[in-house]
């Protein structure tokens, strides 16, 4: 959760369990009718004393001692702000404020606060918390305050800005797999223009939106919530954030669920190859379902269906389809339009209709699903998640492959993904031209000393394949693997009661499951 600027820059790590993708998809699951049980792990999280507010460095004491001035912001939510230093190496320098949103526990048997992050990177965590009724089941909602925050550089928390809406439209729409010298040149120029825009519009913020800094912000939030340890639910990229926190503050880890896990040890090439394979596997599962259901417009076999989709995208790359108003469905938008519904099986019928329209020459359906992924509506972009994902990913890992070397990678990418291989291969160029300089050194993450951490994966997850969960659980000294056999991105509240009950028993009662439990 990389593009020609949208695709080459975002495809390099196409996560995003959030807002348009994750929250929108999870909203299809109704948690209101699910039963719950009284929690056994009751504790008062609003503890006083030096242990809660003791800063890791003396200069950070003003931040660790702050109180959140919660105010009613409508809809049954409270909102507030948290001050953090722009640069943790200079705590007396510039400060930024992070937007917070809280949904109070529904019962008096409150355990404490569960801090949540939906992924991206770049998705506003306040929107994730605001959608808690659809994201979490009743047992969690009954006993936890759900607290979301917009990570620095996202949402309302000093958002990164790189392009105008018109330029962002062009960035998203561009061909994700150029096959001409002119197309490759456009890719390189688009990358340079994107990063130049980030520096021009966002200045020094570009150097201070790393995952390490966001993890440090979470510890300030923990202190402001009055908790000596942090309870956390992170989805997709939020798992990398949680693992980073566990490395920096292992003694502060309370109950951590990392759902849709990312392999934090893999390099750009490894991640891109695995993710390309993940989307191929997910698309084949979708096509098989179509074929098995009978009268599939895509063909009479999985291979025929996959070929139909590949041919369609190829035709669109040569001649965009009419979309909505004066907007066209380009190859870039078609890519997003196809992959977005793979994030949740409940969206497969939407993809059925969108592909049927496209095969008849109408691109409006795939344009609609692409807009869901990019957080775009009729009035423009609802948030800065597309710009933030590029800036954060490239600050965390600026590694890239020069455009001249990409064709040599085609064979290995097309082996794992005949449909999307070249798109992901070109994604390797995504950070070319990035000039950000991370303030923190790269971490080797094992979280040694942390309490048990649940690492959850789904067998046919397109964005964070199961192998990543297996790798992260192995890397974390206290990692406990939970497997879900199924489709879609992330496992909790996706229709598998076994997974849901394992996670809830852990969060509510502190019961750690057997490592490798399979649901």
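A few remarks follow.
- Each label was represented as a point 7 Å from its Cα along the Cα-to-Cβ direction; for residue 496 and residue 326 these points are 4.7 nm apart.
- 15 Å reach of a label modelled at residue 89, 7 Å along Cα-to-Cβ, counting backbone N of region 429-460: 436-443
- In the chain, helices alone account for a calculated mean residue ellipticity at 222 nm of -12000 deg cm²/dmol, with every DSSP H run of four or more residues adding -39,500 (n - 2.57).
- Once the Cβ-Cβ distance of residue 185 and residue 109 is raised to the sixth power relative to R0 = 45 Å, the FRET efficiency obtained is 0.15.
- Each peptide in 459-469, 401-411 was scored by the mean count of other Cβ atoms within 10 Å over its residues; highest first, the order is 459-469, 401-411.
- Shape call, region 141-296: gyration tensor on alpha carbons, a/c limit 1.5: oblate
- Classified by the C-alpha gyration tensor, region 70-176 has an oblate form. Its axis ratio a/c, with a ≥ b ≥ c, is 1.5 or above, and a/b does not exceed b/c.
- Cα shape, region 235-366, gyration tensor, a/c 1.5 rule: prolate
- Packing rank of 291-297, 94-100, where each peptide gets the mean count of other beta carbons within 10 Å, highest leading: 94-100, 291-297
- Ranked packing of 445-457, 189-201, most packed first, by mean Cβ within 10 Å: 445-457, 189-201
- Förster radius 45 Å - calculated FRET efficiency between residue 58 and residue 378 (Cβ-Cβ, nearest 0.05): 0.30
- The chain - Rg (one decimal) and Dmax (whole number), Cα, Å: 21.9, 68
Read-outs throughout are calculated quantities, based only on the coordinates presented, and are distinct from any laboratory measurement. These figures come from a predicted structure and were not determined experimentally. Using ideal geometry, Cβ is built from the backbone for each residue, glycine included, and neighbour counts are taken over all protein chains shown.
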